[in-house]
1. Go through region 385-425 residue by residue and tally those that are in contact with a Phe, Trp or Tyr (Cβ under 6 Å, 6 or more places away or on another chain) and farther than 12 Å from Ser150 by Cβ.
2. Test of understanding: among Gly118, Gly133, Gly127, which residue is open to solvent by less than 30 Å² (accessible area, probe 1.4 Å) and over 24 Å from Ala154 (Cα atoms)?
3. Can you name every residue in region 136-145 that is at pLDDT below 90 and either over 22 Å from Gly87 (Cα atoms) or open to solvent by less than 30 Å² (accessible area, probe 1.4 Å) (or both)?
4. Of all residues in region 149-169, how many are closer than 16 Å to His23 by Cβ and of a type in the set (Phe, Trp, Tyr)?
5. Looking only at region 436-474, how many residues end up being among the hydroxyl-bearing types (Ser, Thr, Tyr) and either in a loop (DSSP other than H, G, I, E, B) or more than 23 Å from the chain's Cα centre (by Cα) (or both)?
6. Evaluate the following for Ala400: is it over 19 Å from Val465 (Cα atoms), surrounded by 23 or more Cβ atoms within 10 Å (Cβ to Cβ) and not β-branched (Val, Ile, Thr)?
7. I'd like to check something: does region 268-290 contain any residue that is modelled with pLDDT under 90, more than 26 Å from Glu403 (Cβ to Cβ), open to solvent by less than 10 Å² (accessible area, probe 1.4 Å) and touching a Gly at 6+ places or on another chain (Cβ under 9 Å)?
8. Do we find that Leu408 is part of a helix (DSSP H, G or I) and either open to solvent by 20 Å² or more (accessible area, probe 1.4 Å) or without any contact (Cβ under 8 Å) to a residue 60 or more places away in the chain (or both) in this structure?
Amino acid sequence: MSNIDQTAAIPPSSLFRLFLPEHLPATLMLAGGVTLYAVESYIMATIAPSIVRDIGGLALFSWVTSLFVAAAVLGSIFVAMRPRGIGLRSVYVIAALVFGVGSLIAAAAPSMPVVLIGRAVQGLGTGALAALGYAFIRFVYPEPLWPKASTLYAAIWGVSTVIGPTLGGFFSSGHAWRYAFIVLVPLGLLMAVLAPKLLPEVKDDREQEKTPVAQIGLLLAAVLMVSAAGAIEATATKVALIAASVAAVAGMIVIEGRSPNRLLPSGAVSLSQPISRVYLAMLAMTIVLVSDVFIPYFLQTLHGVAPVVSGYLVALVALGWTFAAFLSGSWTGRRAYRAIVIGALIEAAATACLAVFLAKDNPEGHMLLIVPAAIGMFMMGFGIGLGWAHLVAMVLRFVADNEKDKALAAIPTMSSLGGAFGAAFSGVIANGAGLVDPGGVAGSISAAHWLYLLMALPGVLAVAVSLRLPRRASF
């Protein structure tokens, strides 16, 4: 059979079409940007303790992630709010170079404050690269492949939960953590060089607008405050920071609804519009998913699981997302709509199940007691993965062409915001339920029970919002 015949035999919506010769260059570049973001995030989580042991700065430890997340949000915003005359391909080159510079700064850092500068610069670059993965979708792929591109990105995050910590382990002793940054510098340079050759030059079809400085400032303040809250022990301070961040988001929404200079696409802050419900569903589902940050601790404390094994068990969440994304990626019409609703329901139910199956005293680590919790972890990821690609496709269809860059750049922004709020909410619930006081096994059982019972509630919200999405057969 000839290559032409083989190509014709591949269904129009098959994931494999992303790797056909006409799409392969763009797929490699866009997936490469997402991979850089994902793998680097997990590498950093692994080597961060080594950095503190080597150069100090424990008091600034939480800001290693907080500044990175805030800068990533700013980077994704830049994709949509870039100056006129700068195309998406040029933004890719800039983002890859910025990431390389940030990696170089972190690698050469003599102290933690300099590491933080490097991490912020890295965040700007990777935030833009992640947003570009979505922004280019409509230009490089035909419409049937839009959900498949999102499926590929989900698969990348799933694989990165294993690759990132494994690579980080190679650089976790002594001064070796610096090489974890150094090896990324040539990669950033290579991506910057290849982008003009492998990515298409696309028309800038945005409306001419002024930069919504007030909304951007309030959103960044909200991310920084809620990220800081996630790392603070004192419950009262944590609650105050979360309340302030919620107020900042509320202020941003009020200004966004009244200002002619918008950060988000039209209708994004009005629940009467479908695009706002899509974003709210994304936000709620992400908040739920981030509660998995406590799973390794509960596995080790309550079930006697070794640290390495607990890390691989929590990777079941990402594996579930990836599996579901591949399963449902080709679904369309009402089937796609049902995938969103059922997925949100599965995520909420699986999270609530962890309140029962994970919150057990199992010091001997009996597998029969761990298996139900492991299934719950897998189904948490499965639920969000079942509908995520279809939510992305809805974003593309519910906005005008001149707002698509803005709409797609908001997707990683919602993920970052949901992740920050999810981590902070999880900390408040776990600490308030006894994780620290009384602590021990009894405190951990109480914390696990109430954490996953209450964190299922945003999943219920996602179900309610999803039920109000259009059931059109055209997506």
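The values are calculated or read from the model by the stated rules, or taken from the named source; none is laboratory data. As the structure is a computational prediction, the values presented were derived from the model and not from experiment. Using ideal geometry, Cβ is built from the backbone for each residue, glycine included, and neighbour counts are taken over all protein chains shown. These area figures cover heavy atoms from the full protein model, side chains too; ligands, DNA and RNA do not enter into them. Shrake-Rupley method; radii C 1.70, N 1.55, O 1.52, S 1.80 Å.
1. Total satisfying the criteria: 2.
2. After applying the criteria, what remains is Gly118.
3. Within region 136-145, Pro144, Leu145 qualify.
4. 1
5. 3
6. no
7. No; the residues of region 268-290 include none that is modelled with pLDDT under 90, more than 26 Å from Glu403 (Cβ to Cβ), open to solvent by less than 10 Å² (accessible area, probe 1.4 Å) and touching a Gly at 6+ places or on another chain (Cβ under 9 Å).
8. no
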